[in-house]
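Enquirer: Supplied in structure tokens, the structure appears directly below.
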Amino acid sequence: MRTSAISPRVSTAVKPPPVAELESVSFSYGAEQVLDQVSLRVERGDFLGVIGPNGAGKTTLLRILLGLLRSLGHVRLFGVDIVAFRDWQRIGYVPQKAVAFESAFPASVFEVVISGRARRAGLGRRFDTHDREAAQRALETVGLLPYRDRLIGRLSGGQQQRVFIARALANSPELLVLDEPTVGVDVDAQEQFYSLLHRLNREFGTTLILVSHDIGVVAQEVTQLACLNRTLVFHGSPQEAMRSGALAQMYRAESWVVAHRH
Amino acid sequence: MPFPEILQYGFMQRALLAGVMIGTIAPVIGIFLVLRRLSLIADTLAHVTLAGVAVGLLLGMAPVTGALLAALLGAIGIERLRSSGRLFGEAALAIFLSGGLAVAVVVISLGSGFTVDLFSYLFGAITAVGPRDLWLILTLGLVVLGAVAVLYKELFAITFDEEGARVQGIPVDGLNLLLTALVAVTVVVAMRVAGILLTSALIVIPAATALRLARSFRSALWGAVICSLLAVLGGITASFYLDIAAGGAIVLCAILLFAAASLLPRPRT
């Protein structure tokens, strides 16, 4: 048994293990290697932006981290090897809005948000007052309480994105993972969205991992930056990324992909 | 006050009771299938069930036993083939659908003399529901309703966002298999009333009607059940007084309700 399996919430004297830890992670789809020997640590309270051009392996990395794909190398969540990890309610996941659901799906905002607690409430149990209060609080945090009985399909893209955050928050996760969260969201809503993330990070101490191809915006918002292009090109603060030229390199890679496509 | 004529006969009482149970479970399962774009699964399992009925009749066992076995085996097979990812979902269904029909046709050609019996399973024979059939329908129906009631929030989660549910740690694969098995049981239960060929209609159409009008998932479920019960009771009543086939009358009622709902404006909130 790993010593790090002890819950950090119980033992405060020992330095808690990193929230997420990748060690020499490699992944291939058939012959095509998507990730090559990526090692990365995410510490408690980090706001990590994972950036890189299209096809850099960002989404693959995220899927590995969420246990949706098995990779070579080691992945540990809260100090526990991912193969043995069962505490999934400590992790919140905000999917790409566009792929997450059908706009005609008949679900109210509240139904979507409380579904985030399905696992925590337990198999075969009904949601209780506690679950409903948690969903209510999550909606309040993202500022959508007045919309609780609306059909989710009737909300704007930015509001829908906040509903998905509320669904993740309903579980009070320690780690929030967001996949390209601002795709299809207008600029005003994006600003509101990032200020919400800052609040979660600073006030609630939530660790954030945000995957995006929007290099410029993300570099401004996060405290840690991971530049990915099959290998981990850079990992550090955005300021260092700027100085070391890693950011410029990412931009070039991105513009190369764009130029190549047109 | 005297009973209306339709309630004076034991066979009509059983028909109505069986109809109400089927009219309740079919649309509940239907909501999940339609939203997951798996409507074809109901039709597929209905055809696999037909093979089971034919084999059952050939071997001289109760057709329901054959149907239930075939439907459950079909459900497991479809789910295996689908989740292996080697085939697109629809292709796996098409193989089972035509395969079921093929087995049924071959078995029918092997045996002789049960063509008439089989006909009643194809198009439904609700007035032929005996007391034992009724008990089976009610029991299996309660199993389906109980499973959905107990796993409601998990089924919602995998229907709304399967990947999100998986990340939460919900046993998605197991629930998918269970849902397919529930479809199988529903098809078997519904085949006596609507007939195998019309069973998928009862599963899909009321659900599609309710989805147009719903303001929440819960209201979609209740709406589908109401639409379906209206169709079942309307169809059975029409079949009694007009002397027309009950299965067809039920499905036509369901389609009429769907058409009427299409004329209403969609909810705005």
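Enquirer: Taking B:LEU178, is it within 23 Å of A:VAL112 (Cβ to Cβ) and either of a type outside the set (Phe, Trp, Tyr) or surrounded by 24 or more Cβ atoms within 10 Å (Cβ to Cβ) (or both)?
Expert: Against the criterion (within 23 Å of A:VAL112 (Cβ to Cβ) and either of a type outside the set (Phe, Trp, Tyr) or surrounded by 24 or more Cβ atoms within 10 Å (Cβ to Cβ) (or both)), B:LEU178 qualifies.
Enquirer: Could you pull out the residue among A:GLU102, A:GLU43 that is among the acidic types (Asp, Glu), modelled with pLDDT under 90 and surrounded by fewer than 22 Cβ atoms within 10 Å (Cβ to Cβ)?
Expert: Result of the check over A:GLU102, A:GLU43: A:GLU102.
Enquirer: Can you spot a residue in region A:100-107 that is in contact (Cβ under 8 Å) with a residue 12 or more places away in the chain and under 14 Å from B:ALA165 (Cα atoms)?
Expert: Yes.
Enquirer: Given the structure, is A:ILE215 modelled with pLDDT under 80, buried (at least 19 other Cβ atoms within 10 Å of the Cβ), under 28 Å from A:LEU66 (Cα atoms) and touching a Leu at 6+ places or on another chain (Cβ under 8 Å)?
Expert: yes
Enquirer: Determine if region A:227-241 includes at least one residue that is in a helix (DSSP H, G or I) and either of a type in the set (A, V, I, L, M, F, W, C) or at pLDDT below 80 (or both). So that I can check it myself, show each step before the final result.
Expert: Within region A:227-241, the subset in a helix (DSSP H, G or I) is A:238-241.
Subsequent filtering for residues that are either of a type in the set (A, V, I, L, M, F, W, C) or at pLDDT below 80 (or both) retains A:241.
Yes, region A:227-241 has at least one match.
Enquirer: Looking for whichever is at negative phi and free of Cβ contacts under 8 Å to residues at least 12 places away in the same chain here; the options are B:SER228, B:SER262, B:SER219. Which one fits?
Expert: Result of the check over B:SER228, B:SER262, B:SER219: B:SER219.
Enquirer: Separate question: Among the candidates B:GLY223, B:GLY164, which residue alone is surrounded by 21 or more Cβ atoms within 10 Å (Cβ to Cβ), under 28 Å from B:PRO265 (Cβ atoms), within 14 Å of chain A (Cβ to nearest Cβ) and of a type in the set (Gly, Ala, Ser)?
Expert: After applying the criteria, what remains is B:GLY223.
Enquirer: Among the residues of region A:177-193, count how many are under 13 Å from the mean Cα position of the chain (by Cα) and not in a loop (DSSP other than H, G, I, E, B).
Expert: Here the count works out to 3.
Enquirer: Residue check: is B:ALA245 farther than 13 Å from B:ILE126 by Cβ, in contact (Cβ under 8 Å) with a residue 40 or more places away in the chain and not charged (D, E, K, R)?
Expert: Details: farther than 13 Å from B:ILE126 by Cβ: no; in contact (Cβ under 8 Å) with a residue 40 or more places away in the chain: yes; not charged (D, E, K, R): yes.
No.
Enquirer: Applying the selection to region B:167-182, what residues are β-branched (Val, Ile, Thr) and either within 19 Å of B:LEU40 (Cβ to Cβ) or within 7 Å of another protein chain (Cβ to nearest Cβ) (or both)?
Expert: Matches in region B:167-182: B:VAL167, B:ILE170, B:THR180.
Enquirer: Ok, one more. What tally of residues in region A:131-157 results from selecting those that are part of a helix (DSSP H, G or I) and within 14 Å of chain B (Cβ to nearest Cβ)?
Expert: Going through region A:131-157 one residue at a time, the tally reaches 9.
Enquirer: Filter region B:183-216 for residues that are within 14 Å of chain A (Cβ to nearest Cβ), touching a residue at least 24 places away in the same chain (Cβ under 8 Å) and surrounded by fewer than 24 Cβ atoms within 10 Å (Cβ to Cβ) and give the result.
Expert: Hits for region B:183-216 are B:ALA208, B:LEU211, B:ARG212, B:LEU213, B:ARG215.
Enquirer: Further, regarding this structure: Go through the residues of region B:147-166 one by one and say whether even a single one is within 24 Å of B:ALA67 (Cα to Cα) and either modelled with pLDDT of 90 or more or touching a strand residue (DSSP E or B) at 6+ places or on another chain (Cβ under 9 Å) (or both).
Expert: Scanning region B:147-166, I find at least one residue that is within 24 Å of B:ALA67 (Cα to Cα) and either modelled with pLDDT of 90 or more or touching a strand residue (DSSP E or B) at 6+ places or on another chain (Cβ under 9 Å) (or both), so the answer is yes.
Enquirer: Then there is this: Return yes when B:LEU242 is out of contact with any Pro (no Cβ under 7 Å at 6 or more places or on another chain) and within 14 Å of chain A (Cβ to nearest Cβ) and no when it is not.
Expert: For B:LEU242, the condition - out of contact with any Pro (no Cβ under 7 Å at 6 or more places or on another chain) and within 14 Å of chain A (Cβ to nearest Cβ) - is not met.
Enquirer: Kindly state which helices (runs of 4 or more DSSP H) lie completely within region A:28-126 and contain at least 1 residues that are away from every other protein chain (no Cβ under 14 Å). Can you show your working first?
Expert: On the way: elements: A:58-65, A:97-100, A:109-114, A:118-121.
Ranges flagged: A:58-65.
The values are calculated or read from the model by the stated rules, or taken from the named source; none is laboratory data. Here the structure is a predicted model, which is why all the values come from computation and not from measurement. Here the Cβ is made from the backbone with ideal geometry for all residues, glycine too, and neighbour counts use every protein chain on show.
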